[in-house]
Amino acid sequence: MPKIFSAVEAVELGIEKEKKRRDFYALVASRFSEKEMKDLFSRLADWEELHVKKFTDIRDEIAEAQSVESYPGELTGYMQSLVDDLLYNKVSADSFSQIVASPIIAVDYAIGFEKDAILFFLEILSFMTLPQRKLIQKLIEEEKQHIIYLADLRRKLK
């Protein structure tokens, strides 16, 4: 019997991803002494916090739209894999100083997180109502702007 997957579950996973990105950026900001890097990653953390709030608003507005899975765990497993991927698991407070040893590496991780956010947002679009899709599209555009900003910074740092 197919399992029902709710849009609320997808949005909850989105909130979790935004929190992980926010925490990563806050950690990066605290580890660099260069003002430009501190300011950049503090700003990125603030942007992700805004996304947490936007996703929370979406979650609170969702009228339990549901989708049927073709086999139990299909959608939940896929959406969860987008949250628990290696990119997020490699960056923790304990491993950060060993992995992210320079501003360029930090920016590369940030670009990866932003690309990951776009992928996740594109995947949850099908679970959203039209007004919610419009909001998600705006979030995608914001993430694209973050990538452009970070890519420009990476070029300057090299």
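Please treat every number below as a calculation from the coordinates, not as lab data. Quick caveat: nothing in here was measured; it's all calculated off a predicted structure. Counting neighbours? That spans all protein chains shown, and the Cβs are built from the backbone with ideal geometry, glycine included.
Once you've got the Cα coordinates, tell me which of K20/K144; K54/K156; K138/K158; K115/K158; K20/K54 are over 27 Å apart.
On the way: K20/K144 18 Å; K54/K156 32 Å; K138/K158 31 Å; K115/K158 21 Å; K20/K54 15 Å.
The answer is K54/K156; K138/K158.
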ask   = For the residue pair I99 and D60, what label-to-label distance in nm results when each label sits 7 Å from Cα along the Cα-to-beta-carbon direction?
value = 3.2
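Could you work out how much longer the chain between I148 and E36 gets when fully extended? Use 0.36 nm per residue separation minus the Cα distance between them, nm to one decimal.
Details: separation 112, 0.36 × 112 = 40.32 nm, distance 1.66 nm.
Fully extending the segment from I148 to E36 adds 38.7 nm.
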ask   = Using a simple spin-label model with points 7 Å from Cα along the Cα→Cβ vector, what separation in nm is obtained for L157 and D23?
value = 2.2
